[in-house]
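Each remark here refers to the structure printed beneath this line.
The values are calculated or read from the model by the stated rules, or taken from the named source; none is laboratory data. Just so we're clear, the structure is a prediction, and the values are computed from it rather than from any experiment. Because the Cβ atoms are built from the backbone with ideal geometry, glycine has one as well, and the counts that use them run over all protein chains shown. Note: areas computed on protein heavy atoms with side chains; ligands, DNA, RNA excluded. Shrake-Rupley method; radii C 1.70, N 1.55, O 1.52, S 1.80 Å.
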2 protein chains.
Amino acid sequence: MRQSRLFAQTYREAPAEADAVSHRLLLRAGFIRQLAAGVYAYLPLGRRVLRRLEGIVREEMDRAGAQELLMPAMQPAELWQASGRYSAYGPELMRLSDRHGREFALGPTHEEVVTSLAREEIHSYRKLPATVYQIQTKFRDERRPRFGLMRGREFVMKDAYSFDADPAGLDQSYAAMYAAYEHIFSRGGLNVRAVEADAGTIGGEGGTHEFVALSDIGEDTIVSCSHCGYAANLEKAEAGRAAEAGKTKNGSKPTPERIYTPNVRTIEELAMFLNELSSALLKTMIYEADGAIVAVLVRGDREVNETKLRARLRAAELTVAGADAVARVTGAPTGFAGPVGLNVPIYVDREIADGEGWIAGANERDYHVRGAKSGRDFSVEETGDFRNAAEGEGCPRCEEGTYRFHRGIEVGHVFKLGTKYSEPLNATYLDKEGRNRPLTMGCYGIGVSRMLAAAVEQHHDEAGIVWPAAIAPFRVHIVPVSMQDDAQRELAKSLYERFPAAGIDALLDDRDERAGVKFKDSDLIGIPIRIVVGKRAAAGEVELKLRDRPDSMALTVEEAFKLVFASIRNQEITDEFL
Amino acid sequence: MRQSRLFAQTYREAPAEADAVSHRLLLRAGFIRQLAAGVYAYLPLGRRVLRRLEGIVREEMDRAGAQELLMPAMQPAELWQASGRYSAYGPELMRLSDRHGREFALGPTHEEVVTSLAREEIHSYRKLPATVYQIQTKFRDERRPRFGLMRGREFVMKDAYSFDADPAGLDQSYAAMYAAYEHIFSRGGLNVRAVEADAGTIGGEGGTHEFVALSDIGEDTIVSCSHCGYAANLEKAEAGRAAEAGKTKNGSKPTPERIYTPNVRTIEELAMFLNELSSALLKTMIYEADGAIVAVLVRGDREVNETKLRARLRAAELTVAGADAVARVTGAPTGFAGPVGLNVPIYVDREIADGEGWIAGANERDYHVRGAKSGRDFSVEETGDFRNAAEGEGCPRCEEGTYRFHRGIEVGHVFKLGTKYSEPLNATYLDKEGRNRPLTMGCYGIGVSRMLAAAVEQHHDEAGIVWPAAIAPFRVHIVPVSMQDDAQRELAKSLYERFPAAGIDALLDDRDERAGVKFKDSDLIGIPIRIVVGKRAAAGEVELKLRDRPDSMALTVEEAFKLVFASIRNQEITDEFL
C-alpha cells in the first residue's frame, strides 16, 4: 500500500470527546472514524487489523472443530418472545418494524436464532456434539456508548454455540472453547486473565468465565488470589474471610442501647461522631426486589454486592428503595434504618453474623443503637455472602493468599447455558434409547472489535500504537527520508516490490513530507518494523527500527531482509541477532 | 469436515413456497434456511461457498488497487436527508430509532457514508485517485422478497466507491472496476454479460453497466445484437429501426376520418374489429408525471418504456393516469384516448413520427379516427425513443444485426456518479492550482449472496447442485460405501487425513447410511470430485467421479490423488488424462 493514497489522514490531536488512550490513538492514526455515538467506520488500517483478528479467531475456532455459519442480524420478534427476552432485554435491544408492521430485533446475540436452527438440523444423538460459530456485526443500544470501540452500539463479535447430549458433554465442549480462547488472546498479543463470572440475564445455571484484558481503563474489576489460581470478577468473587470480626470499643452488650445521634446519617458521619472505625458499624440497605422490600446488612466499610443479592432473591429487577419506601418500612427518614425492630426479610452478610456489638440505625430520626447482635436482637432471613470482596483480604479458597484487584476489559465470555433456550424453544433430540431430550447448550462470545481497542490499550507509548506483530495492519513500514532523492526513491520502491512478493505486507511512505512528519506518523501508526531509506541508500544501506525498541540499526538491504524474515517466523529478535 | 456432525440436514423435497431452482436446491441440500421472508441463515455449507466468493471478490478488488474498509450498517438519518434520499428511497429503506429517538437508516448502500468519510480524509489532489470497498451485510425492505437469496431483505454485498479529480480520472477508475468484475464473475464460474443500464435513483449523469448472469428465472431482460457487441437491459436498450413504417391498408388520408367503434377499447379489440395489424394502430398512453399530465404515443404492438420516459421528463414519480384524469383530459372514458384534439404535451415515439395513416382513439366514447399523421393532425412536444426494444428488430448501432432477448439476474452494477453526492455533502479537494473542487465519484456493487444463488441457477442438474470448483464448499467428497467395513472405513479415514494436510478441503460421509442415500446426498450437495471407497478398498482402490460427468473411474489411491491435485491446479480433466 502506498501511503500517499491511503484513505485516511493522521491528526496531531484527538477530538476532545475521545475518552480512552485506544480511542484517541485509533482516531489520530486514522484507523477508525465515528459516524454516530458508538457507531464507527473502520478505515483501511483499522479494517486490516480487524481482518487479522478475525483470521486468528476463525483459525482457532476451526481448529477446535467449530463450524462457521452466518445468521441474520434481523431476528423475528416472535423468537425473542418465545424465549422471554423480548421484554427482559430492555432498551438495549434495537427494534424495528418492516413495511408490513412485523417486528424484528437487530441481534445483539443469537441464542434464539441458533436454537431454532438446531431444532431443525439436529434430531439425533448421532449429530452430537456440534459447535457452530459466526463472526458478525452485532447491535446493542448502549445507554452510554464510550471508549470508542470498547463500548459501541454496532460492533463485531464472534459468537459460538455448542450443542450436547448432556451436561458432561457440555463440560467438554466448554473446555474446548475455553482452550481456544486462551490461544486466540495469546496469539493476538493480549494479556488476558480468565476469571469466574456471573451469568447475568443470558446464562443458565452452569458455570461461566470472563476473559478480561488487563487495563487501567477497564470497566470490570477483577479479583485474584496472590497464592492460588482463584480469579473472578468483582460481581462474582467470593468475599474473603476477614481475620477480625466486627469489634467495637464498647464490645458486646446484653441488649442494644439507644444513642442520640442528631443529624448523623451516613457511615462516615457516624464513625466520626462516635469515634469508631466504620468496620464497627452496621450498614443497613433497603432494597426493592420485584416489588417486595428486603433489608441487607453489611459492615460499614463494605459494599453490598447486588449481583449476589439478586441471584439469591432470583429477582429480575433489584433497586435501592426510595425515600418513601424507606420511611414506610422503618418509620424514619433515610439514614436511620437498622435491623432492630425492622419488620421485613433481613439478609445478613457473614461478617455481621460472625461479629457482635454492632452499631446500627434505630429506625427513628436522630437515633442509632449500639451493641446489636444478629439472631438475638433481630431475626435473620438468611446469612450469606452479600458483599463485594475487598482488596487485601484473605482468599476464601486457599486461605493462604490475599486478594489483589485489577481493572480490566471483558473481551470474551463463555457460558454454560444448559437447557435455558432449548426447553422453551423445544429444541430436542432422540437419545440412544429413543427418548426425546432437550439439547444441552453453551455459548461463547468474543468482542473482536473490542479486542482491537484492548490491544491498543495494552500496547502503546507516548508516540503512538505499538502493534503486536500478529495483528499489525502491515508488517513493515518503508520510509524514504526524501522522495525527491533518486537513490532513496528507487531503493524504497524496490523494497516495496520485494516484500509483498515474499508474502510480507508493506506500507510505503511515498509522500512528499518532511522526514520528521513521516517518522511521527510512523510511530503513531505503530507498524512493528520500520525501514528508513536515507542518505546511505546509494550504498544499499538502510536503517531498521523495531517499533517497540528505542534504538535503530544500520544494515545492508540483505541484512534487513534477513531480519524481517526472522521476525515473520516469530523468532525473537535478540540483541545478539542484531 | 465429518458429515455425521455437519450442522445441516438434507431434504428430499423443498418447501412448497421455494420458487426457484437455486432456492429449492440450496434449501434441500442444507446450505441455507429461511428465518423470515427474505431473511436467511447460511448453514456451514452455505457459509463456505459465501466465503469462497468473498475471497475471490476481495482478491480482485485488492489487485485493482481498492482499499478495504468497513462502514457501519447504522447510518444517521441526517446523512440521507442531506443527499435527499431519506424520503426518495421510500419504504425499501429500513429505518429505526435509538433509545434517544434519533433516527437511523439500515444501509442498503453507502454513498452518503463514504462521501462523508472522503470529505474528512481526502483534502488534496495528491490523495487521488482512491477506490475503497467493503464486503458487508446490507438491508432493503423489498416489497416482494422472492427466489431465496436472489431478492432478499438482508444480503451480502460488495460495494466499492471511487474518488477522482475529474471525469477523465473516473473513466479510468470505472474501467479498472469493470475489468475486475469480469475477472470476479469468470473466476466464480458464472456466465455473465455486461450490459448498458439505466442509472435509476442511485446514479448521476454518467454511464452505467449491469453485469447480468444469464438465467431463465432472471427478472431482468437483456437485449443484445446478433452482430455487434451492443448489449443493454430492456429499460435502457435503444429501440431498433424497424424496416417497415406504420402502414395501413387504407394508407394516408388528407385528414383523419371518424369511425364508429362501439365498445372497442383495447388494441386487440380494435385490430380485430377493423381487421388491421396492431402495428397499424396508435397506442395513446396518458401518464401523470410529478402531478402533470402527458400523453405518449407508441405503435399498437409496442410497450411504452417508462424508464426512458421518466428520464426525458426528469420525473421523480411516473404513473399511468387513472380513469378520472383520463376522462378529464380526453373527455372520454379510458380506451378512446388519441392525439387528435388532445390538449396535453404529446411525446411521440419515432415509429409514429416516421409513419402515417394511423388509427387512434377519437377522445369520444365509441369512436376512433383513421389516417392520422404526426405533426399535421396533432402537435408534438417531442419525438424520441419512448418504447421498449423488441426481439428480432434491427440493431440501431450496427444496422446489421438483429436484437436477441435473454433473461438474466443482475449480479453486479457499476455507476458513474459524478458529483451527485460530493456536491450536496460538500466533499471537495484542492486541485494543483489550489482551487476547491468537488470529488468525482463512481460506485460499484456486487451481490455476493446473489452470486451464490445465480451460480446454482447456472450449475445444476436433476440430481442437485454442480458447483464450479472455485466456489465449491469442499473440493472432495469422500464416500465410504459402508462405515461398518473395516477396510473401507480405514481407507476413507486415511484419505480424509491426507487431503487437508495437502491443503485440499474434504468432506467425509462417515454416516451409517445406505450407499444409495449417501450418493443421493452427494449429488444434491454437488462437491466437484467424489471418491467412493467401496469393495476394492482392501486392494487400495477407489472410484472417482466428477460431479459434472456421468461416468466414474476405478483408480488406485495414488492415481486418485494425482487427479485431484491436477484439478486443484485448474488443469482440465480431459478424457486422455483419465
### Of residues in segment A:84-103 being part of a strand (DSSP E or B) and open to solvent by 20 Å² or more (accessible area, probe 1.4 Å), the one farthest from the other protein chains (Cβ to nearest Cβ)
A:GLU103
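For (1) within 9 Å of chain B (Cβ to nearest Cβ); (2) open to solvent by 50 Å² or more (accessible area, probe 1.4 Å); (3) in a helix (DSSP H, G or I), each residue gets a yes or a no:
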| residue | (1), (2), (3) |
| --- | --- |
| A:ILE56 | no, no, yes |
| A:ASP62 | no, yes, yes |
| A:GLN75 | yes, no, no |
| A:GLN81 | no, yes, yes |
| A:ALA105 | no, no, no |
| A:THR115 | no, no, yes |
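Every residue, every condition in (1) modelled with pLDDT of 90 or more; (2) more than 30 Å from the chain's Cα centre (by Cα); (3) over 26 Å from B:LEU318 (Cα atoms), yes or no:
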{"site": "B:LEU234", "(1), (2), (3)": "yes, no, no"}
{"site": "B:ALA243", "(1), (2), (3)": "no, yes, yes"}
{"site": "B:GLY246", "(1), (2), (3)": "no, yes, yes"}
{"site": "B:GLY251", "(1), (2), (3)": "no, yes, yes"}
{"site": "B:ILE267", "(1), (2), (3)": "yes, yes, no"}
{"site": "B:LEU270", "(1), (2), (3)": "yes, yes, yes"}
{"site": "B:ASN275", "(1), (2), (3)": "yes, yes, yes"}
{"site": "B:VAL298", "(1), (2), (3)": "yes, no, no"}
### Query
What is the one condition in (1) part of a loop (DSSP other than H, G, I, E, B); (2) open to solvent by less than 50 Å² (accessible area, probe 1.4 Å) that A:LEU270 does not satisfy?
(1)
### Query
How many residues, within segment A:2-26, are touching a residue at least 40 places away in the same chain (Cβ under 8 Å) and facing another protein chain (nearest Cβ under 7 Å)?
1
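Counting just the residues of segment B:469-516 that are among the hydrophobic types (A, V, I, L, M, F, W, C) and surrounded by fewer than 17 Cβ atoms within 10 Å (Cβ to Cβ), which one comes out farthest from B:GLN458 (Cα to Cα)?
B:ALA501
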### Query
Quick check: anything in segment A:517-529 closer than 13 Å to A:VAL542 by Cβ and buried (at least 20 other Cβ atoms within 10 Å of the Cβ)?
yes
### Task
Within segment B:27-40, work out how many residues are away from chain A (no Cβ under 12 Å) and assigned to a helix (DSSP H, G or I).
1
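Return the only residue of B:PHE405, B:PHE415 being outside any helix (DSSP H, G or I) and open to solvent by 30 Å² or more (accessible area, probe 1.4 Å).
On the way: B:PHE415 fails: open to solvent by 30 Å² or more (accessible area, probe 1.4 Å).
Only one candidate qualifies: B:PHE405.
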## Note on the structure
Reported set for segment B:418-428 where residues are farther than 19 Å from B:HIS123 by Cβ and not in a strand (DSSP E or B) is B:LYS420
### Query
Does B:ILE504 satisfy the condition of being more than 14 Å from chain A (Cβ to nearest Cβ), out of contact with any Ser or Thr (no Cβ under 9 Å at 6 or more places or on another chain) and in contact (Cβ under 8 Å) with a residue 24 or more places away in the chain?
yes
### Query
Does B:LEU43 satisfy being within 20 Å of B:ARG140 (Cα to Cα) and either facing chain A (nearest Cβ under 9 Å) or surrounded by fewer than 23 Cβ atoms within 10 Å (Cβ to Cβ) (or both)?
no
### Task
Test B:THR109 against the stated conditions and say whether it is part of a loop (DSSP other than H, G, I, E, B), open to solvent by less than 50 Å² (accessible area, probe 1.4 Å) and either over 25 Å from A:LEU507 (Cβ atoms) or more than 8 Å from chain A (Cβ to nearest Cβ) (or both).
yes
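For (1) hydrophobic (A, V, I, L, M, F, W, C); (2) modelled with pLDDT under 95; (3) on the phi > 0 side of the Ramachandran plot, each residue gets a yes or a no:
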| residue | (1), (2), (3) |
| --- | --- |
| B:TYR89 | no, yes, no |
| B:GLU103 | no, no, no |
| B:LEU106 | yes, no, no |
| B:GLU112 | no, no, no |
| B:ARG119 | no, no, no |
| B:THR131 | no, no, no |
| B:GLN136 | no, no, no |
| B:PHE139 | yes, no, no |
| B:ARG143 | no, yes, no |
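Please find, among A:ALA231, A:ALA213, A:ALA194, the residue that is over 30 Å from A:THR428 (Cα atoms), without any contact (Cβ under 8 Å) to a residue 40 or more places away in the chain and in contact with a helix residue (DSSP H, G or I) (Cβ under 9 Å, 6 or more places away or on another chain).
Every option except A:ALA194 fails the conditions.
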### Query
Out of (1) over 30 Å from A:ASP301 (Cβ atoms); (2) open to solvent by 10 Å² or more (accessible area, probe 1.4 Å), what's the single condition that is false for A:GLU410?
(1)
### Task
Sort out for me the strands (runs of 3 or more DSSP E) sitting completely within segment A:123-240 that have 3 or more residues that are surrounded by 21 or more Cβ atoms within 10 Å (Cβ to Cβ) and either among the charged types (D, E, K, R) or out of contact with any strand residue (DSSP E or B) (no Cβ under 7 Å at 6 or more places or on another chain) (or both).
A:154-164
### Message
Going by what's in this entry, would A:GLU543 be described as part of a strand (DSSP E or B), open to solvent by 50 Å² or more (accessible area, probe 1.4 Å), modelled with pLDDT of 95 or more and not assigned by TED's automatic domain parsing to the domain that holds A:GLN9?
### Response
yes
